[in-house]
Amino acid sequence: MTVDLGTGDGRAVLAVAARDPRTLHLGLDPVATAMAEVSRRAARPAGRGGLPNARFVVAAAETWPAELRDIATLVTVRFPWASLLRGCLGHDPKVAAGIAGLVAPGGLLELLLAPAERDRLDGLPTDPAAVVGAARATFEDPGLTCVEGRTATADEIRSSGSTWAKRLLRGTGRPAPAVGARHVVVVRFRRPADADGAVGADGAEGADGPAGHAERTLEIGPSGQG
């Protein structure tokens, strides 16, 4: 299972669900109206373009349903802002704990961050090296290991499927490392696997089965509410 936290309009979730129909992909966002259209599209019959492996949950980073704890082999946070960005950079411990708590043993957390001085971020770093350092300090404390932190490539930005990414790249033609005056940074973390051999982010089976976590009941309706 994958989780896209702060999914916004959810189009990135639909795109990855279409490419990977054997995996359940969840989009989480506190704004229900932002996900309404994609939730309806995912709930259509398969013959009309529906995607039964794409679901949307109305929840903030620090208030997701308890059933989602330690559940995702991949958690993505793409171009966050406001409290979600502050959480990624160590300025909101509750949000940071919520992000980390979604990652399954052996799973990955991937951040695409693009803070800029013009955003008036009240002390959040904007230099790429400082952004990577702040993210590392935030998520290594709860036990995740940073495996990569650097400026993102244009291909990585584009392949995120994010609507915001398309806006950043529109008309620039720039391959790296800044889009306009905004640097985009990718930081990836891995949560260590449990001693019993829980699944890694590559999807290999562990002691708890092919999803990489103990079997649990998780019902998410097509309306986007869990």
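Quick check, is GLY161 at positive phi and at pLDDT below 90? For GLY161, the condition - at positive phi and at pLDDT below 90 - is met.
Scanning region 53-88 for residues being assigned to a helix (DSSP H, G or I), at negative phi and not charged (D, E, K, R) gives a total of 7.
Just the residues that are touching a residue at least 24 places away in the same chain (Cβ under 8 Å), open to solvent by 50 Å² or more (accessible area, probe 1.4 Å) and more than 22 Å from ARG69 (Cα to Cα), please, taken from region 10-42. Answer for region 10-42, where residues must be touching a residue at least 24 places away in the same chain (Cβ under 8 Å), open to solvent by 50 Å² or more (accessible area, probe 1.4 Å) and more than 22 Å from ARG69 (Cα to Cα): ARG11, ALA18, ASP20, PRO21, GLU37, ARG40, ARG41.
Residues THR138, THR126: which one is under 18 Å from LEU84 (Cβ atoms), at pLDDT 95 or above and touching a helix residue (DSSP H, G or I) at 6+ places or on another chain (Cβ under 6 Å)? Only one candidate qualifies: THR138.
Can you find even one residue in region 112-120 that is modelled with pLDDT of 95 or more and among the hydrophobic types (A, V, I, L, M, F, W, C)? Yes, region 112-120 contains at least one residue that is modelled with pLDDT of 95 or more and among the hydrophobic types (A, V, I, L, M, F, W, C).
Only residues that are more than 16 Å from PRO125 (Cβ to Cβ) and in contact (Cβ under 8 Å) with a residue 12 or more places away in the chain were counted in region 80-101, giving 8. Every condition in (1) open to solvent by 60 Å² or more (accessible area, probe 1.4 Å); (2) in a helix (DSSP H, G or I) holds for HIS91 except the one numbered (2). Within region 117-164, the set of residues being part of a helix (DSSP H, G or I), over 18 Å from LYS94 (Cβ atoms) and aliphatic (A, V, I, L, M) comprises ALA129, ALA130, VAL131, VAL132, ALA154, ILE157. For ASN53, the conditions (1) touching a His at 6+ places or on another chain (Cβ under 7 Å); (2) polar (S, T, N, Q); (3) open to solvent by less than 10 Å² (accessible area, probe 1.4 Å) all hold with the exception of (3). Please work out which one of (1) open to solvent by 50 Å² or more (accessible area, probe 1.4 Å); (2) in contact (Cβ under 8 Å) with a residue 12 or more places away in the chain is the condition ASP4 fails and give its number. Condition not satisfied by ASP4: (1).
The values are calculated or read from the model by the stated rules, or taken from the named source; none is laboratory data. Bear in mind that the values here come from a model prediction, so they are computed numbers and not experimental data. Here the Cβ is made from the backbone with ideal geometry for all residues, glycine too, and neighbour counts use every protein chain on show. Remember, those area values only see protein heavy atoms, side chains included, never the ligands or the DNA or RNA. Shrake-Rupley method; radii C 1.70, N 1.55, O 1.52, S 1.80 Å.
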